[in-house]
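Single-structure report; data block below.
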Amino acid sequence: MESTFAIIKPDAVERNLIGKILERAESSGFEVVAMKRARLTTEVAEGFYYVHKERPFFKDLTTFMASGPVVLLVLQAENAIKKWRDLMGATNPKDAAEGTLRKDFALDIERNSVHGSDSAENAAFEISYFFSQTEIVR
Ligand code: ADP
Ligand code: MG
C-alpha cells in the first residue's frame, strides 16, 4: 500500500465540493487515512510549494492557496501517487481527460480544485509538512 498527499483547494471548498471530491476518491478505491480542514498562511503555502519558487506563477499560486479554507488529506491505495494524479487529470482543465476531477471541477489552470503529490519523495515531504504520525490512522 502507498500513501499520497492531496489538497482540496480553496476554489473547490468555496463551491461546497468537499463531499463530491471525497466520494470520487473513496469510490475510486482510496482510503482516507488522515484529513483536516485548514486555512494556510502565505508563508505555509510558500514552504509547501518551495519547488516552484522561481516560477512566474509562484506569487499568485501561494496567494490563491491562502485565500480560503482547504482540506488536507492523506490517501492510501495501491499505487496511490499515480492513481490520484490520474484521477485529478492534467494541471490545465482544458487539457484534462473526461472523467477526471479537474475536467469536472476546475475553473482554470490555477484554480484547479485539487493537489496531488508527484513522486514518493514529494509525498513523504508533503505528508510530514502537514501531519504528525499520530494523525495518520491506517
Ligand atoms: P500539478 O498541481 O498538476 O502538479 P504543478 O506542480 O506544475 O501542477 O503546479 C502547481 C500548481 O500551480 C497547479 O496545480 C496550479 O494551481 C498552479 N499552476 C501551475 N501552472 C500554472 C500557470 N501556468 N499559471 C497559473 N497557475 C499555475
Ligand atoms: Mg505538482
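The values are calculated or read from the model by the stated rules, or taken from the named source; none is laboratory data. None of these values were measured; they are calculated from a predicted model. Cβ placement follows ideal geometry from the backbone for every residue including glycine, while neighbour counts extend to all protein chains displayed. Remember, those area values only see protein heavy atoms, side chains included, never the ligands or the DNA or RNA. Shrake-Rupley method; radii C 1.70, N 1.55, O 1.52, S 1.80 Å.
Might you let me know whether segment 25-38 holds any residue that is in contact (Cβ under 8 Å) with a residue 12 or more places away in the chain, part of a helix (DSSP H, G or I) and crowded, with 16+ Cβ neighbours inside 10 Å?
Checked segment 25-38: at least one residue is in contact (Cβ under 8 Å) with a residue 12 or more places away in the chain, part of a helix (DSSP H, G or I) and crowded, with 16+ Cβ neighbours inside 10 Å.
Only one residue in D108, D60 is in a loop (DSSP other than H, G, I, E, B) and either more than 13 Å from ligand 2 (Cβ to nearest atom) or open to solvent by 50 Å² or more (accessible area, probe 1.4 Å) (or both), so which one is that?
Criteria check complete, one pass: D108.
In segment 89-105, which residue that is within 14 Å of ligand 2 (Cβ to nearest atom) and surrounded by 22 or more Cβ atoms within 10 Å (Cβ to Cβ) is farthest from S67 (Cα to Cα)?
Only one residue fits best here, namely G89.
The conditions are (1) at positive phi; (2) surrounded by 20 or more Cβ atoms within 10 Å (Cβ to Cβ); (3) of a type in the set (S, T, N, Q), and N16 fails exactly one of them. Which is it?
Of the numbered conditions (1) at positive phi; (2) surrounded by 20 or more Cβ atoms within 10 Å (Cβ to Cβ); (3) of a type in the set (S, T, N, Q), the odd one out for N16 is (2).
Report, by residue number, each residue of segment 87-105 that is in a loop (DSSP other than H, G, I, E, B) and near ligand 1 (Cβ under 9 Å from one of its atoms).
G89, A90, T91, N92
Please find, among S67, S132, the residue that is touching a helix residue (DSSP H, G or I) at 6+ places or on another chain (Cβ under 6 Å), more than 10 Å from ligand 1 (Cβ to nearest atom) and open to solvent by 20 Å² or more (accessible area, probe 1.4 Å).
That would be S67, the only listed residue that is touching a helix residue (DSSP H, G or I) at 6+ places or on another chain (Cβ under 6 Å), more than 10 Å from ligand 1 (Cβ to nearest atom) and open to solvent by 20 Å² or more (accessible area, probe 1.4 Å).
Please specify each residue of segment 114-129 satisfying the condition of being in contact with a strand residue (DSSP E or B) (Cβ under 9 Å, 6 or more places away or on another chain) and near ligand 1 (Cβ under 9 Å from one of its atoms).
Answer for segment 114-129, where residues must be in contact with a strand residue (DSSP E or B) (Cβ under 9 Å, 6 or more places away or on another chain) and near ligand 1 (Cβ under 9 Å from one of its atoms): V114, H115, G116, S117.
Quick one: E46 ticks every box in (1) among the acidic types (D, E); (2) open to solvent by less than 80 Å² (accessible area, probe 1.4 Å); (3) more than 16 Å from ligand 2 (Cβ to nearest atom) bar one, so which box is it?
Result: E46 fails condition (3) only.
Within segment 71-86, can you find the residues that are touching a Lys or Arg at 6+ places or on another chain (Cβ under 8 Å) and either within 12 Å of ligand 1 (Cβ to nearest atom) or not aliphatic (A, V, I, L, M) (or both)?
Q76
Got at least one residue in segment 67-87 being in contact (Cβ under 8 Å) with a residue 12 or more places away in the chain, within 13 Å of ligand 2 (Cβ to nearest atom), closer than 17 Å to I8 by Cα and out of contact with any Gly (no Cβ under 9 Å at 6 or more places or on another chain)?
Restricting attention to segment 67-87, the residues satisfying the condition of being in contact (Cβ under 8 Å) with a residue 12 or more places away in the chain are 67-81, 83-87.
Right, trim to within 13 Å of ligand 2 (Cβ to nearest atom) and you get 81, 84-85.
From what's left, closer than 17 Å to I8 by Cα: 81, 84-85.
Keeping just the survivors that are out of contact with any Gly (no Cβ under 9 Å at 6 or more places or on another chain) gives none.
The answer is no, given that none of the residues of segment 67-87 is in contact (Cβ under 8 Å) with a residue 12 or more places away in the chain, within 13 Å of ligand 2 (Cβ to nearest atom), closer than 17 Å to I8 by Cα and out of contact with any Gly (no Cβ under 9 Å at 6 or more places or on another chain).
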